[in-house]
1. Counting only other chains, and only Cβ atoms inside 10 Å, what mean value do you get across the residues of B:281-293?
2. So how far apart, in nm, are the two label points at C:SER184 and C:LYS273 if each is 7 Å from Cα heading toward Cβ?
3. For the stretch B:48-117, which chymotrypsin sites (Phe, Trp or Tyr not before Pro) are in a loop by DSSP, counting at most 16 other Cβ atoms within 10 Å?
4. Take the Cα of B:TRP151, step 7 Å along the line toward its Cβ, and report every residue of the stretch A:56-71 whose backbone nitrogen sits under 18 Å from that point.
5. Which order do peptides C:123-134, B:219-230 fall in by mean Cβ count within 10 Å, highest first?
6. Quick one: dipole size for the protein assembly as shown, taken about the Cα centre, charges +1 on Lys/Arg Cβ and -1 on Asp/Glu Cβ, in debye to the nearest 20.
7. Relative to the Cα centre, what is the charge dipole magnitude of the stretch A:102-251, using +1 at the beta carbon of each Lys and Arg, -1 at the beta carbon of each Asp and Glu, and rounding to the nearest 20 debye?
8. For each of C:HIS300, B:HIS48, A:HIS153, count neighbouring Cβ atoms within 10 Å of the residue's Cβ, then give the residues from fewest to most.
Amino acid sequence: MNLANELPLPRPRRRRGPRNSGLTAAAVAVYLFLYLPLVVVVLYSFSATKVNAWPIEGYTLDWYRELLQDGDIWESLRFSVFVGLCASGVAVVLGAMTAYALDRFRFRGKTVVRFAVGLPIVLPGIVTGVALLTFFSSTLGWQLSARTIVIGHVTFCITLVVNSVAARLSQLPRSLDEASADLGATPWRTFRRVTFPLVRPSIFAGAILAFTLSFDEIIVTFFLTGREKTLPLLIWGRLRRGISPEINAVATVIILVSLVLVVVANRVLRRSGQSLF
Amino acid sequence: MATATAAQPASRGTRPNAAGAGPFALLAAPLGWMLVFYLMPLGILLAHAFWSVDYLTIDRTFTLKNLQTVATNSLYPTVILRTFLMASAVTLTSIAIAFPLAYFLAKKVTARRELLLMMVVFPLWSSYLVRAFAWKTILGANGILNSFLLWTGLIDQPITAFLYSKTGMYITFCHVWLPFMILPLYTVLDRLPNSLLEASADLGSSGWQTFRRVIWPLSIPGVMAGSLSVFSLTMGDYITPSLIGGSPGTELIGGIVADQFGIANNWPLGAALILPVLAIVIVFLLVANRFGALGRSEP
Amino acid sequence: MNDREQIEALKELEPAEVARRLRTGQISRRDVGKLFAAIGLTATLGPMFARGEASAASDLTMIVWEGYSDDTWAKPFEETNDARVEATFAGTGDEMFAAMQGSGGSTYDLVSASSDLPRRLYDADLLMEIDPAKLTNFPDLYPQFQKPPYITFDDKLYGVNFAWGPTTLLFDPEVVTSEPTSWSAMLDEQYKGKLATWNYPLQIGQYALLLDPKPENPFELSDEQLAQVKDMLIAQRPLIRKYWDLGGEVAELYLNKEIVISDGWPYIKAQVKESGGNIGQVLPEEGVTGWSDSWCISKHAADPELALKWADFMIGPVGQQGIIDVMTYAVTNKKVIETLPAELREELRMTDIPNDYAKIHMWQFIPGYDKWVLIWQEATAG
């Protein structure tokens, strides 16, 4: 670090106030940007007119009433959660294994492995979708179903988990592993007691990213879907008729439910002395 | 260091970094998966680029006709360039927006950090389609943004260029992919030792100097990881062009590819169009890999 | 022992035994990789999905034009037949074809195919032959809808024709105060940035109606005529606010005052009116293109009898009346049409069916369609 050479005399430490408040303001602005469309979604879920025109002309709870009775939406929501859990579950296991192997071992063809794993998220979703569609339908002769969607989702979810875990692993000093090994721990024990606790946040982050991407995915899903539809596909279908505020109502409910889930998950984890991140 | 030979049986007590069967035992399942469910299907699809289609039948005679079409018809290079520029702009903007927030979360917040971090992921939980549609309401000729600008007196005519335009797509992309940039940035910044920052401050460097000399170089892996996601998600998208763009099928290359498969039923041409996109993203992957976005770089 | 057999054999073993064999070198790690892949698919995931697949058996899945699965008629059908109707909306016939072909016809039992589509589905061997004797309402159809050429191949029937109508010129009467009479309104500089047109290569036919001399059939164009239409479309590009994919999009564009002129369907007009918007609709003097929709049944439909019942129901009184009320499209059942008030028959051009119908240039199968797609893309890319 050559800072010391340039500035030989330590100056008094800056007051942190102004800098921090600038940063805080920027952070707040980013949150506003992230949430502005969500506020719009929530507002329009109460709109009395069927079309998202501005300004809102009247307010109603009708869309929530309709939502309660809409079996298709609940069915597709259940299906989306199911697909997301399966896909992120498989992806976390496969992705964490890959990231660990990539980080901890040297072997020939490593770059190739990295690229192979990185490809699904890098290539357009439509490529994955159509490639898998040809493969399943003509090569394997499978019927399209939840199974084909999950497999399609796992392929790109793996990349997210690998990225997340690898970024963390790359910053862990290897000396920790070496120390553990020198103290006689087996690789498994080292992994379980040393490495895993340190990478757990990134595994969580990867799992959450994988679930959210799967939950939200439409391009790959469109090609691989069988007789059951995921929520985004159902919404896409309805957008074609013009959006109904009912869709905004669904989104609002999902936002609320996930808020509650995360708060609860965080509480539970805290009680056991852990943290979600 | 020795490279592994797959034929050796695994021995217990292998030390870390001794590359025996370890990586292959670990990689067997993920690589098997990728091979069967990605690379093989992809290979079959890309082979189509060198085939041709006659109405409903695919003719498997080798031909370069599709590649010629892609190179010579000005439509395709134009749209590919446009998509590249859009993806680059969105990526750079996302870095600029995400960095302050990620830094704020990693270094300035102690209380309720989990909650704030989860708030970054939340927007992803509401359907991407719904959010894109919300932007339509915001950006429309009579939308929230125009209403607001009219109200402030900054404009006296609604700006129609916000919606059904490249501007609209740019804004929407920056929004929908932002969490994919924030999270990897947060991950690297969180690992950045506070002591380094304090040392830098103690040595009298300004905030900007600390950023440029300490924080930024150390967060490159996260920046590259996030950029890779944002860039490639934009390169392949055709939903936002369809909702926010003026010409859904031809704004970006994703739409053109999609139409070859979903409308024209010309898979060979679609596969040929994927090749330049493939080249662009592989270059990006190589760059990102050099900067350690995909894991520790080779010594 | 070949690979597949070996993997099958391994699948039968206990995990501990597999591990033992791996350690002793009886099997290679590659085999285990394959085993994992195989197990991942069948043993682990299989049972989890079994339920979902089984319960879907009594459902009727369909890929349709928006609105064709409206509750007005889907609900009564579901109740009578103890079935569940699951519809996917497609924006274009091409999309329907791609979805049908991609899944080998196993995903959708039914397609609401417009007159351009059944030929392709038939050529791709995706359609089930329909026995008219099984359709109770079949004799009530006008003769011209019973075995029209676009669903009759090799003298066999492959669809049930249930609705038809024109692609019209829509406009906002508050801005466009004098009613447009020509498709040339879609090329009028005056409405720059306030125009929308359907994003579908088949629309080239609609613009071909403006050619001078006008082609006999706007869907059978020479290369020269195609080039002329292309020039027209390139000139139109800067005027267009939105190439629309979804009918609901158009309704919304009008309600939000984003556009003042577009092409569209009577259903779009009905949607705008329902939401309290003001909209005008004309059939331009050059003539119109249009569609004639038939229910086609997939060769691999899960329950062909149920699909057939749907097709029959849709040409019966409930289905036909529903199409008229909700979609404001013309229908095909003579008995139903004859009970309608004269005014409604006039409005939906069903007073003199053979003549009114013949006035519309119905979408048709286009050989060499690739060329149309490319022209459309080049013109709309800007």
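1. Values: counts 6, 5, 0, 2, 6, 2, 0, 4, 4, 0, 0, 4, 6.
Across B:281-293, the average partner-chain Cβ count within 10 Å equals 3.
2. Here the modelled spin labels are 3.0 nm apart.
3. B:TYR55, B:PHE62
4. A:56-59
5. Highest mean packing first, the order is B:219-230, C:123-134.
6. Numbers: 80 positive and 85 negative charges, 1348 e Å.
Value, rounded to 20: 6480 debye.
7. Values: 17 positive and 8 negative charges, 41 e Å.
My answer is approximately 200 debye.
8. Values: C:HIS300 17, B:HIS48 24, A:HIS153 29.
Taking fewest neighbouring Cβ atoms as first place, the list is C:HIS300, B:HIS48, A:HIS153.
Read-outs: derived from the displayed coordinates by stated rules, not from any lab. Remember, predicted model here, so these are calculated numbers, not experimental data. With ideal geometry, Cβ positions are generated from the backbone for all residues, glycine too; neighbour counts draw on all protein chains shown.
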